[in-house]
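Undergrad: Attaching a single structure in structure tokens format; questions to follow.
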Amino acid sequence: MWKDIMKHKLTHINFDVILDYIYITIGLILYASAWGLFLLPYKMVSGGVTGVAALVFYATGLEISYTYFGINFILLVIALKVLGPKFMVKTIYAIFALSFFLEIVQKAVTMPDGTMYQLLGPGEDFMSVVLGAIFCGVGVALVFLRNGSTGGTDIVAAVVNKYRDISLGRVLIFVDLGIITSSYMIFEDWRKIVFGLVFMVLDNFVLDYVINSRRESVQFLIFSRQHKEIAHEIGTKMHRGITVLDGHGWYSGKEVKVLCILAKKREQVSILRIVKRVDPRAFVSTSAVSGVYGEGFDKIKVKADQTPPMEKLEHKVL
């Protein structure tokens, strides 16, 4: 029995790890595609280590994959010490994979004469910024959602986010501002800075939108005479905790049991299907929850109050 349980847990863990790397790889491909198809051909700038690598490419012609990899090698030391080896493994994979994807995509859009093919046509600078920001935002979000990182300023954002409940997009905005404004030394064109700022806002908006939509939770209040069957089904199949509340019907005058459940928004349809199958006449109320902290949800990322309860009481008495 014990061996079967351990085997099931190991299989579940292995599947989750494989799924992590699949999502991370998809995110990296989207990110590299954004640069190769929309940003580099139109000489757009952005923040992050990739933005620095792009500036080096515009100034010297050195492929961005080399500069990107070199800077991230230094930052990996920081990631190992602060974020731990588990984060480090995924970050190393992401840096090597993204360096490879960036090189492939850049070479694919570079024509024999050295110019880069503009997929959207000449003069479509603004659309290249919009599409590039969307691709980059979604790509980085997929990587972050699977506890990975594309390296560079993402490592800085992940370090801050580990200790403070601060939006990832907000952290990246402050880091990227300096990189974008420095592009004036190369182009001497304020339009590039404006486009870079537009990219930064859209990119971080998409990043936060995708991440927050995945973190959204919902609260269920289920009124049913078959509450035991519903609780058993949800507990065994959805692996969610259930609280049973005592209720009293005002009109009927009868006692009733109410199931209170907190779940991820993506699980809402599955829970409703279970309720409908067990008791089609059940009364269900759902409400959006702005934040849920604890096991199975987000961690509380604020400093704990270090003052012992008794000292607080004595202070109030005095």
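The values are calculated or read from the model by the stated rules, or taken from the named source; none is laboratory data. The model shown is predicted, which means the values in this text are computed figures rather than measured ones. With ideal geometry, Cβ positions are generated from the backbone for all residues, glycine too; neighbour counts draw on all protein chains shown. Surface areas here come from the heavy atoms of the whole protein model, side chains and all, with no ligands, DNA or RNA. Shrake-Rupley method; radii C 1.70, N 1.55, O 1.52, S 1.80 Å.
Undergrad: State all residues of segment 43-66 that are within 14 Å of Cys136 (Cβ to Cβ) and surrounded by fewer than 22 Cβ atoms within 10 Å (Cβ to Cβ); if no residue qualifies, say none.
TA: none
Undergrad: Taking Phe69 as the residue in question, decide whether it is without any contact (Cβ under 8 Å) to a residue 60 or more places away in the chain, of a type in the set (Phe, Trp, Tyr) and over 17 Å from Val143 (Cα atoms).
TA: yes
Undergrad: Which of (1) at pLDDT below 85; (2) within 15 Å of Ser149 (Cα to Cα) does Ile5 not meet, given it meets every other one?
TA: Only one criterion is unmet by Ile5, namely (2).
Undergrad: Something else now. Under the condition of being more than 23 Å from Tyr293 (Cβ to Cβ) and crowded, with 16+ Cβ neighbours inside 10 Å, which residue from segment 240-275 is nearest to the chain's Cα centre (by Cα)?
TA: Top of the filtered list is Ile274.
Undergrad: Please identify the pairs in which a residue from segment 173-186 that is at positive phi and of a type in the set (Val, Ile, Thr) has its Cβ atom under 7 Å from the Cβ atom of a residue that is loosely packed, with under 15 Cβ neighbours inside 10 Å and not in a helix (DSSP H, G or I), counting only partners at least 6 apart or on another chain.
TA: No pair meets every condition.
Undergrad: Which of the residues that make up segment 36-51 are modelled with pLDDT under 90 and assigned to a helix (DSSP H, G or I)?
TA: Hits for segment 36-51 are Gly48, Val49, Thr50, Gly51.
Undergrad: Looking only at segment 93-151, how many residues end up being surrounded by 15 or more Cβ atoms within 10 Å (Cβ to Cβ), among the small types (Gly, Ala, Ser) and under 18 Å from Ser33 (Cβ atoms)?
TA: Total meeting the criteria: 11.
Undergrad: Shifting gears a bit: Only one of Leu221, Leu197 is at pLDDT 85 or above and touching a helix residue (DSSP H, G or I) at 6+ places or on another chain (Cβ under 8 Å). Can you tell me which?
TA: Just one listed residue meets the conditions, Leu197.
Undergrad: Name the residues in segment 43-66 that are touching a residue at least 60 places away in the same chain (Cβ under 8 Å) and at negative phi, would you?
TA: Met44, Val45, Ser46, Gly47, Val49, Thr50, Gly51, Val52, Leu55, Tyr58, Ala59
Undergrad: Against the definition (of a type in the set (A, V, I, L, M), assigned to a helix (DSSP H, G or I) and at pLDDT 90 or above), how does Leu76 come out, yes or no?
TA: Answer is no for this residue.
Undergrad: Turning to a different aspect of this structure: Of all residues in segment 259-318 being aliphatic (A, V, I, L, M) and either in contact with a Cys (Cβ under 6 Å, 6 or more places away or on another chain) or at pLDDT below 70 (or both), which is nearest to Leu245 (Cα to Cα)?
TA: The extreme case among them is Ile300.
Undergrad: Another question, then. If you scan segment 8-35, which residues turn out to be at pLDDT 85 or above and open to solvent by 10 Å² or more (accessible area, probe 1.4 Å)?
TA: Ile18, Leu19, Asp20, Tyr21, Ile22, Tyr23, Thr25, Ile26, Ile29, Leu30, Tyr31, Ser33
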